[in-house]
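Asks: Take a look at this one; I'll ask things after.
The values are calculated or read from the model by the stated rules, or taken from the named source; none is laboratory data. This structure is a prediction, so every number in the text was calculated from the model and none was measured. Cβ placement follows ideal geometry from the backbone for every residue including glycine, while neighbour counts extend to all protein chains displayed. For accessibility, only protein heavy atoms count, side chains too; no ligands or nucleic acids. Shrake-Rupley method; radii C 1.70, N 1.55, O 1.52, S 1.80 Å.
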Amino acid sequence: MDPAWALVRTLPTKPLEVQLLPMETDRQTVPGWTGFNAMVSSAAPSITEVGYCPMINGSPTEASTVYTVMKQIQKMMSSLGQHDCVITFDLAIYMKAKEIQWRNSNEFGRTVIRMGGFHIALNYLAVLGKMFEDSGLSDLLIESGTYGINTAENLLKGKSYNRGVRGHKLVMEALMRLQWEEQCRWLSQRHEDTGVDEETVTAHIHSCKDAVKETTGDLHNCCQTVCDDMTDVQKLMSVFRTFGRTASQVFSFWSTYIEMVQLLLEFIRAERDDEMK
């Protein structure tokens, strides 16, 4: 889905003859990653019913309190005829709950304990920032005018979710556009038949863009058609990336960054679409 979005957003004259065009507001009609996925997604997760458990007079970080909560939830699941139960905690309580589960593996063998999606993503942002902190990523965000000095430093430490995700999305898209342009240059130098029906792919890209612009038609099906067309293109991308990783350590470094950000976005999409397969 992400390569298709990037290709539709770039809107090349031909799929394998992409030129980087200035991102002018009046020219770009395809929304960013979040807006595009919101328009394409057809998932309709069931409505969550919120209820309240009995109040416990104790600190939420004490092991005894966490143990009591886990036992109460087990009783609730048993009364509903559900053998397994899934419990979501924030980071601090999650660590306590996992220790209890490890010590009482037989008692909580059918209990699944997980962190909330927000805390998982926030910790992943901190990992991203730690891994790429000396790469010039913060300078890129600051000098481009995207964020100030303090904000850029904090988001790389995983202390700002919304700004962190937005910053990494912008950098990922810029790198994908540069990578795509270099791939096209590499293909032109090889003088080989790519096996890609460029006219058909281009027509489907424009149809997808028109569906976004006019908010008419089935955008989901249009996007799926572009994804299907991307099969041969992605094979070329895979060959190019293998070549690039061998030829340049810098290319390999930033390709790893793109893949890590895509993994984060896939997780966010799975959380919102309630699709964890």
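Asks: Considering only residues that are of a type in the set (V, I, T) and modelled with pLDDT under 90, which ones fall in region 144-170?
Replies: Across region 144-170, the qualifying residues are T146, I149, T151.
Asks: Considering only residues of region 228-240 that are in contact (Cβ under 8 Å) with a residue 24 or more places away in the chain and within 23 Å of K169 (Cβ to Cβ), which is surrounded by the fewest Cβ atoms within 10 Å (Cβ to Cβ)?
Replies: Q234
Asks: Any residue at all in region 147-156 that is surrounded by fewer than 16 Cβ atoms within 10 Å (Cβ to Cβ), assigned to a helix (DSSP H, G or I), over 15 Å from the mean Cα position of the chain (by Cα) and of a type in the set (G, A, S)? Quick ask: steps written out before the conclusion?
Replies: Our first condition is that a residue be surrounded by fewer than 16 Cβ atoms within 10 Å (Cβ to Cβ); within region 147-156, this holds for 148-150.
Still in the list and also assigned to a helix (DSSP H, G or I): 149-150.
This time we only want the ones that are over 15 Å from the mean Cα position of the chain (by Cα), so: 149-150.
Now narrow it down to the ones that are of a type in the set (G, A, S): none.
No: zero hits.
Asks: Let me ask another. What pairs come up if the first residue lies in region 133-148 and is closer than 12 Å to H168 by Cβ, the second is part of a loop (DSSP other than H, G, I, E, B) and at pLDDT 85 or above, and their beta carbons are under 8 Å apart, counting only those six or more places apart or on different chains?
Replies: What qualifies is L141/Y147.
Asks: Of the residues in region 104-144, how many are more than 30 Å from S78 (Cβ to Cβ) and open to solvent by 60 Å² or more (accessible area, probe 1.4 Å)? Before you say what the answer is, go through the steps one by one.
Replies: Filtering region 104-144 down to residues more than 30 Å from S78 (Cβ to Cβ) leaves 121-144.
Now restrict to residues that are open to solvent by 60 Å² or more (accessible area, probe 1.4 Å): 123, 127, 130-131, 133-134, 139-140, 143-144.
Matching residues across region 104-144 total 10.
Asks: Kindly provide the set of residues from region 257-277 that are in a helix (DSSP H, G or I), open to solvent by 40 Å² or more (accessible area, probe 1.4 Å) and either within 22 Å of G136 (Cβ to Cβ) or among the aliphatic types (A, V, I, L, M) (or both), ordered by number.
Replies: E259, L263
Asks: Still on this structure, I have one more. For region 131-171, give me the residue count where each residue is under 17 Å from I258 (Cα atoms) and of a type in the set (F, W, Y).
Replies: Selection size over region 131-171: 1.
Asks: Is at least one residue of region 70-85 acidic (D, E), over 20 Å from D274 (Cβ atoms) and open to solvent by 60 Å² or more (accessible area, probe 1.4 Å)?
Replies: no
Asks: Also: Of all the residues that make up region 107-129, how many are charged (D, E, K, R) and either at pLDDT 90 or above or out of contact with any His (no Cβ under 7 Å at 6 or more places or on another chain) (or both)?
Replies: Residues meeting the conditions: 2.
Asks: In region 176-189, is there at least one residue being open to solvent by 60 Å² or more (accessible area, probe 1.4 Å) and touching a Gly at 6+ places or on another chain (Cβ under 9 Å)?
Replies: Yes, some residue in region 176-189 is open to solvent by 60 Å² or more (accessible area, probe 1.4 Å) and touching a Gly at 6+ places or on another chain (Cβ under 9 Å).
Asks: Could you please let me know if V127 is over 30 Å from M70 (Cβ atoms) and under 16 Å from the mean Cα position of the chain (by Cα)?
Replies: no
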